[in-house]
Amino acid sequence: MPATLLLAPAAQGKTEQAVRRIAAARVGSPLSTIVVLLPSRNQVQAFRARLAAQGQALGVRLFTFYDLYADLLAQTGGLLPRLDGAVQTDLLRRLTDRLAGQGRLAYYTPLLDKPGFPATLRDTLEVLKRARLAPEMLAAAVAQAGLGPRLDALSAVYAAYQDWLLAHNWADPEGLGWLSALALEHNPTLAGDWRSLVVDGFDEFNPTQLAVL
């Protein structure tokens, strides 16, 4: 099915047009599954209220990208436990302590005892994973270009972090996106019963989101 792209400034009726398209898609097939993808939980609630006000809520599933990843992987039986928040930060602190003890984080020595350091690392790793830059790709780029001790140390943390996730069969939120993209590539029938996918409220997408779309 071809995609339709609606472009307009904010508050110019794109969401209203999306609701109308949902109504049109349900003509003759009122119980078919329609999925709406939105940037945040607040926008999910607002969109749900708009659908309800127009009597279009039945059979429409509303997701953020992270909810969508979980739903797709649940359909394949490949949904992993999700590592995020305080547990993710604590893991990074333990990994950096171990790497520092091995003498591999000399560049970060002044930061190791700072309470905000693991959270900053978590944010940086999220950026790398959203860009679909695997640890081995980062390590190869750092080694080839001689990018210096900061990125060399970051590469070590990233590799240790990803190794832990794989060894313990967990995934972080961005990793669930990677796995969803792979699942869709390998299983062309996945989500095949959805009649329509509506994506509303975004002004940009990261590479993982684009791959899933």
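Computed over protein heavy atoms with a 1.4 Å probe, the carbon and sulfur contribution to the accessible area of the chain reaches 56%. For the chain, the 222 nm mean residue ellipticity estimated from helices alone, with every DSSP H stretch of n ≥ 4 adding -39500 (n - 2.57) and the total spread over all residues, rounds to -18000 deg cm²/dmol. With contacts taken as Cα pairs under 8 Å and at least 6 residues apart, the chain reaches a relative contact order of 33 percent. If only the Cβ of Lys and Arg carry +1 and only the Cβ of Asp and Glu carry -1, the dipole of the chain around its Cα centre is close to 460 debye. Estimated from the Cβ-Cβ distance and a Förster radius of 25 angstrom, the FRET efficiency linking Leu133 and Arg20 is about 0.05. Computed over protein heavy atoms with a 1.4 angstrom probe, the accessible surface ordering of Tyr108, Tyr66, largest first, is Tyr66, Tyr108.
The values are calculated or read from the model by the stated rules, or taken from the named source; none is laboratory data. Everything numeric here is computed off the predicted structure, so don't read it as measured data. For neighbour counting, all protein chains shown are included, and Cβ atoms are generated from backbone atoms with ideal geometry for every residue, glycine included. Side chains included, ligands, DNA and RNA excluded: accessible areas come from the protein's heavy atoms. Shrake-Rupley method; radii C 1.70, N 1.55, O 1.52, S 1.80 Å.
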